[in-house]
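Trainee: Following this message is one structure expressed as structure tokens.
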Amino acid sequence: MLDRRRPNTCVPDSFLSERCLLCCGEDYLELISALSSLGISAEGLPEHIYRCYRIILFDEFTLVWTGIGTGCLEPLLHEVLTSGLIMSITLIGTAGALNEKTPKGKAAFIESAINGVTPFATDNAPLEYPSSKAPDGALKVLSSDLYYGFSAIDSPFVTRLQQSVPGMRARFEALKVKADLIDMETAQFYRLCKVYGQDRLAFVAIKGAANNAADPHQQTFHSAAVLRSAVELGLGWLS
């Protein structure tokens, strides 16, 4: 059954629990494996699939899987958060480490997110968005809708892209020292949760470094470990 009031997800109310675990831009099978490692099976459960959204209804929470960045995140959050049915939501996933002290393969709560290159990074917008409920000692993340362009990756193609957008590399260099990680969704997620959830919604992101920011090729080696760690923290927070 499709709910056509929500044209991008078509998700019916029956799939929207009070608690939601959201995963953007990760491998779906690695996500399911992370759940299985905690003794949580998705086999035989109600599942809703439409466009780039995959939603599974567990007994205690709703799992939402989708793609990378604002283009996937904004339609989703508009359609599910304005329902008023979700009371707490956590975003989980991988990120790049911006310094040597941030370990790879282990997830942590994100205290706040800095606008790098996102639709919200305008002259009059706040530079940083906080979680509604991150614990003490959480990390900071720098968010960008550009995976390769907003980075320190050593590549002539990356350099060509950066040169095509004046100030992009300078913005990255100025902001990277303010955060522990770089990802593609958290600033947008925090901003949209605050707008749509107002004061009733509890929201937090949990991210971990799968690679050094300057070396994306490491990512597939550590992504499964990050997801296992993030799922465990996320479900604990939702409970």
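A short reminder: the numbers here are calculations on the coordinates, not readings from a lab. From a predicted model like this one, the values you see are computed outputs, not experimental measurements. Don't worry about glycine lacking a Cβ; one is built from the backbone with ideal geometry, like all the others, and counts go over all protein chains shown.
Trainee: Using a 10 angstrom cutoff on alpha carbons, build the Gaussian network for the chain and name the most mobile of Lys104, Lys178, Lys140.
Mentor: Ranking Lys104, Lys178, Lys140 by mean-square fluctuation puts Lys178 first.
Trainee: Which of Gln218, Gln163, Gln188 moves most in a GNM of the chain, Cα contacts under 10 Å?
Mentor: Looking only at Gln218, Gln163, Gln188, the largest GNM fluctuation is found for Gln163.
Trainee: So, R0 is 25 Å and r is the distance between the beta-carbons of Phe157 and Thr220; what FRET efficiency does that work out to, to 0.05? Intermediate values should be presented prior to the final figure.
Mentor: On the way: r = 20 Å, r/R0 = 0.80.
Calculated transfer efficiency: 0.80.
Trainee: Continuing with this model, one more query. Cross-link candidates for Lys133: which lysines have Cα within less than 19 Å, leaving aside residues fewer than 8 places away along the same chain?
Mentor: Lys194, Lys207
Trainee: So, one more: Amide H neighbours of Val117 under 5 Å, counting only residues 5+ apart in sequence or on other chains, H built in-plane at 1.01 Å?
Mentor: Ser144, Asp145, Leu146
Trainee: Run the helix sum for the chain: -39,500 (n - 2.57) per DSSP H stretch of 4+ residues, divided by residue count, reported at 222 nm to the nearest 500 deg cm²/dmol.
Mentor: Value at 222 nm, helices only: -9500 deg cm²/dmol.
Trainee: What is the spin-label model distance, in nm, from Ile49 to Ser164 if the labels are put 7 Å beyond Cα along the C-beta direction?
Mentor: Result: 3.3 nm between the two label points.
Trainee: Next up: What's the FRET efficiency of Ser33 with Lys133 using the Cβ-Cβ distance as r and R₀ = 25 Å, to the nearest 0.05?
Mentor: Details: r = 28 Å, r/R0 = 1.10.
Between Ser33 and Lys133 the formula returns 0.35.
Trainee: Can you give me the C-alpha center-to-center distance between the range 50-84 and the range 169-239, rounded to a whole angstrom?
Mentor: Distance between centres, Cα-based: 16 Å.
Trainee: Out of the DSSP beta bridges found with both residues in the chain, what percent are antiparallel (nearest 5)?
Mentor: Close to 35 percent.
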